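All remarks here apply to the structure that follows.
The values are calculated or read from the model by the stated rules, or taken from the named source; none is laboratory data. Computed from a predicted model, the values in this text were never measured in an experiment. Note: ideal-geometry Cβ built from the backbone for every residue, glycine included; neighbour counts use all protein chains shown. The accessibility values were calculated without ligands, DNA or RNA, using every heavy atom of the protein model including side chains. Shrake-Rupley method; radii C 1.70, N 1.55, O 1.52, S 1.80 Å.
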Amino acid sequence: MASNRYYADNTLEPTQGFAWDWSAGVGYHIGDSYLIGVDSYDHGMLVDLTLALSYENFYLDFDHNQLSGGLVVGYSLIDKFDWGLDILGTNVQSGFNDKGLGLYNDGIIDELRGIKTRNYDFDTGLRLTRRFENSQISFEYLHDISGTHNGWIVNTFFSHILPWRNWEFRTGVGLSAYSSDFTNYYFGIDSSEATSDRPIYRTNASSSMMFEFHAEYPINQDWVFLAGWLTTWFSNEIDESPIITRRYQHQAKVGLRYVF
């Protein structure tokens with residue numbers, strides 16, 4: 001089963017030969033937008049597809065069940081005594097343009113008119129993890145290799161899984177630091193984008209903090225109910241950007257997953 005790299009039951013570890021798994025479901029997602037001029041809430045139905053592929057020490061994992069999930073490709077260098085060291089590749093920041101960053105938009109947003117497109121990045125680096133019985137702490141150092149911003153990202157995340165009766169509760173808290181190259185690419189304003197209401201903006205390295213809560217309950221042998229909440233708080237370097245309207249983002253989802 002595709003899994004979340006931030007939690008202790010993830011399957012990002014060596015296998016004997018080739019292995020794969022997948023699942024599908026549907027969910028309703030709602031989230032704040034932190035971009036200026038965008039409607040307060042971005043919401044809609046999404047198809048949730050998850051996929052896990054592994055061969056020996058290589059793996060590809062796409063988790064769409066939890067809000068903190070995403071695409072991960074990697075190679076396990078060390079997996080011993082509850083410690084793991086991996087080479088990791090993943091996307092950190094979603095791209096956006098003058099239409100916003102959501103799937104549900106209604107054309108060009110006046111407050112964002114004239115900004116350049118910010119592309120998705122792809123970052124690689126090292127991931128160090130320490131697993132406990134139901135907990136995990138991880139450290140990641142990543143660098144953009146897509147040519148999008150050429151900056152670095154440092155992630156630290158602690159998580160815990162709590163089974164209770166037929167429920168499974170997952171909580172996690174994370175801290176991230178972003179280089180000035182990353183911060184200025186996504187949230188800076190250069191002279192070609194500046195207007196009377198959108199001044200030139202350059203800043204230094206930035207940071208964010210994340211909290212996640214996720215719950216799952218098996219309805220029957222085939223279907224699982226799931227719900228999640230994710231809040232991200234941004235540092236002043238991001239919050240003070242002329243294209244940012246609030247220093248936080250809340251996201252929530254409810255859905256069903258079919259277990260094959």
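Per residue, how many Å² of accessible area does the chain show with a 1.4 Å probe?
Numbers: 13200 Å² over 260 residues.
That works out to 51 Å² for each residue.
Need one word for the range 115-198: rounded, prolate or oblate. Basis is the Cα gyration tensor (sqrt eigenvalues a ≥ b ≥ c); a/c below 1.5 gives rounded, then a/b vs b/c decides.
Prolate is the answer for the range 115-198, as a/c is 1.5 or above and a/b outweighs b/c.
Taking R0 as 25 Å, what FRET efficiency do you get between TYR55 and LEU126 from their Cβ-Cβ distance, rounded to the nearest 0.05? Numbers along the way, then the final one.
On the way: r = 21 Å, r/R0 = 0.83.
It comes out at approximately 0.75.
Expressed in nm², what is the orientationally averaged projection area of the convex hull enclosing the Cα positions of the range 118-260?
Working: hull surface 43.2 nm².
Mean orientational projected area (the range 118-260, Cα hull): 10.8 nm².
Using a 1.4 Å probe and ignoring any ligands, DNA or RNA, find the accessible area of ARG257 and quote it in Å² to the nearest 10.
So the heavy atoms of ARG257 present about 20 Å² to solvent.
Under Stokes-Einstein, with the Kirkwood radius over Cα pairs standing in for Rh, what whole-number D in µm²/s applies to the chain at 4 °C and 1.567 mPa s? Intermediate values should be presented prior to the final figure.
Values: Rh = 19.5 Å.
Taking Rh from Cα pairs, D becomes 67 µm²/s.
Kindly provide the GluC sites (Glu not before Pro) of the range 124-204 that DSSP labels as loop, not H, G, I, E or B, and whose Cβ sees at most 12 other Cβ atoms within 10 Å. Mind showing how you got there, number by number?
Details: sites: GLU133, GLU140, GLU168, GLU193; in loops: GLU133, GLU193.
Loop-located and lightly packed - GLU133.
For GLU168, enumerate residues with amide H under 5 Å from its amide H, sequence gap 5+ or separate chain, H modeled in the peptide plane.
The answer is GLU216.
Name the residue from LEU77, LEU35, PHE62 whose Cα lies farthest towards the positive end of the charge dipole of the range 1-124, charges +1 on Cβ of Lys and Arg and -1 on Cβ of Asp and Glu.
LEU35
How far is the Cα center of the range 163-232 from the Cα center of the range 21-60, in Å?
12
Long-range amide H contacts for THR245: which residues qualify at under 5 Å (H placed 1.01 Å from N, peptide plane, sequence gap of 5 or more or a different chain)?
LEU35, ILE36
What is the P(r) of the range 1-104, as percent of Cα-Cα pairs per 10 Å bin from 0?
Calculated P(r), rounded to whole percents: 13, 38, 27, 17, 5, 0.
With a cut-off of 8 Å between alpha carbons and a minimum separation of six or more residues, what is the relative contact order of the range 108-260 in percent?
Values: 333 pairs, mean separation 24.9, N = 153.
Rounded, it is 16 percent for the range 108-260.
Using helices alone, I'd like the mean residue ellipticity at 222 nm for the chain: each DSSP H run of four-plus residues gives -39500 (n - 2.57), total over residue count, nearest 500.
Numbers: 2 runs with 12 residues, N = 260.
Result for the chain: -1000 deg cm²/dmol, rounded to the nearest 500.
May I ask for log10 I(q)/I(0) of the range 1-56 at q = 0.14, 0.21 Å⁻¹, from a Debye sum over the Cα atoms as equal point scatterers with solvent left out?
Evaluating at q = 0.14, 0.21 Å⁻¹ gives log10 I(q)/I(0) of -0.59, -0.85.
Averaging sequence separations of C-alpha pairs under 8 Å and six or more residues apart, then dividing by the length of the chain, give the relative contact order as a whole percent.
On the way: 710 pairs, mean separation 46.1, N = 260.
18 percent.
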